[in-house]
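Report on the following structure.
Read the figures in this text as sums done on the coordinates, not as results from a lab. Since the structure is predicted, the reported quantities are computational estimates derived from the model, not experimental observations. Note that we place each Cβ from the backbone using ideal geometry, even for glycine, and neighbour counts take in every protein chain shown.
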Amino acid sequence: MFKNLIITSVLGALAIVLGAFGAHALKESLSATELLSFETAVRYQMYHVIVLLFVNTYNGFTISQKNKISLFFFLGILFFSGSIYAINLTSITAKSIWFVTPLGGLFFIIGWILMITLFVKKISNK
């Protein structure tokens, strides 16, 4: 569990660094559309960092459940946000990794569905 919290904290700090980098250093080098895309990656990363903090401090999940949810959200951040960062910060084109961003979105969705399933089971067990 603490490993998940450490990774989450690092991802939160990176979201702040990347957000500031995007707002200041990239303003001149990215188009408005590219900057908006970059901001979306930062925003989705931070949203899921906040959820990861909840997941990994919530007493209603087992360690195994926390690890599984965390894995899907970590993969979502890596594939979704990471691919957008790569497209905007390197010479990698969206066409060359077109499948990576939606795969990250799918990992996010799976993590959310897993949480929904666990909460529904908790309600039905009462």
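Residue pairs, Cβ under 7 Å, 6 or more apart or interchain, first in segment 70-92 and over 8 Å from Gly104 (Cα atoms), second among the small types (Gly, Ala, Ser) and surrounded by fewer than 18 Cβ atoms within 10 Å (Cβ to Cβ). List them.
Final answer for the pair search is Ile87/Ala94.
May I ask you to list the residues in segment 42-83 that are in a helix (DSSP H, G or I), closer than 20 Å to Ile123 by Cα and small (Gly, Ala, Ser)?
Once the filter is applied, which keeps residues that are in a helix (DSSP H, G or I), closer than 20 Å to Ile123 by Cα and small (Gly, Ala, Ser), segment 42-83 yields only Ser64.
Which one of these is buried (at least 16 other Cβ atoms within 10 Å of the Cβ), without any contact (Cβ under 8 Å) to a residue 40 or more places away in the chain, outside any loop (DSSP other than H, G, I, E, B) and among the hydroxyl-bearing types (Ser, Thr, Tyr): Thr117, Thr33, Thr8, Thr101?
Numbers: Thr117 fails: buried (at least 16 other Cβ atoms within 10 Å of the Cβ); Thr33 fails: buried (at least 16 other Cβ atoms within 10 Å of the Cβ); Thr8 fails: without any contact (Cβ under 8 Å) to a residue 40 or more places away in the chain.
None of the others qualify; the one that does is Thr101.
Looking for something of a type in the set (Val, Ile, Thr) and assigned to a helix (DSSP H, G or I) - is there at least one such residue anywhere in segment 89-98? Working first, answer last.
Initial filter on segment 89-98 (of a type in the set (Val, Ile, Thr)): 90, 92-93, 97.
Restricting the remaining residues to those that are assigned to a helix (DSSP H, G or I) gives none.
Among the residues of segment 89-98, not one is of a type in the set (Val, Ile, Thr) and assigned to a helix (DSSP H, G or I), which makes the answer no.
Residues of segment 42-54 being crowded, with 18+ Cβ neighbours inside 10 Å and closer than 14 Å to Phe107 by Cβ, which ones?
Here is the first cut: in segment 42-54, the residues crowded, with 18+ Cβ neighbours inside 10 Å are 42, 44-46, 48-49, 51-52.
Once the filter is applied, which keeps residues that are crowded, with 18+ Cβ neighbours inside 10 Å and closer than 14 Å to Phe107 by Cβ, segment 42-54 yields Tyr44, Gln45, His48, Val51, Leu52.
I want to confirm something. Restricting to segment 110-126 and keeping residues that are in contact with a helix residue (DSSP H, G or I) (Cβ under 8 Å, 6 or more places away or on another chain) and hydrophobic (A, V, I, L, M, F, W, C), which single residue is farthest from Phe74 (Cα to Cα)?
We begin by selecting, within segment 110-126, every residue in contact with a helix residue (DSSP H, G or I) (Cβ under 8 Å, 6 or more places away or on another chain); these are 110-111, 114-115, 118.
Then keep just the ones that are hydrophobic (A, V, I, L, M, F, W, C); that gives 110, 114-115, 118.
Working: Ile110: 12, Leu114: 14, Met115: 15, Leu118: 19 Å.
Among those that are in contact with a helix residue (DSSP H, G or I) (Cβ under 8 Å, 6 or more places away or on another chain) and hydrophobic (A, V, I, L, M, F, W, C), it is Leu118.
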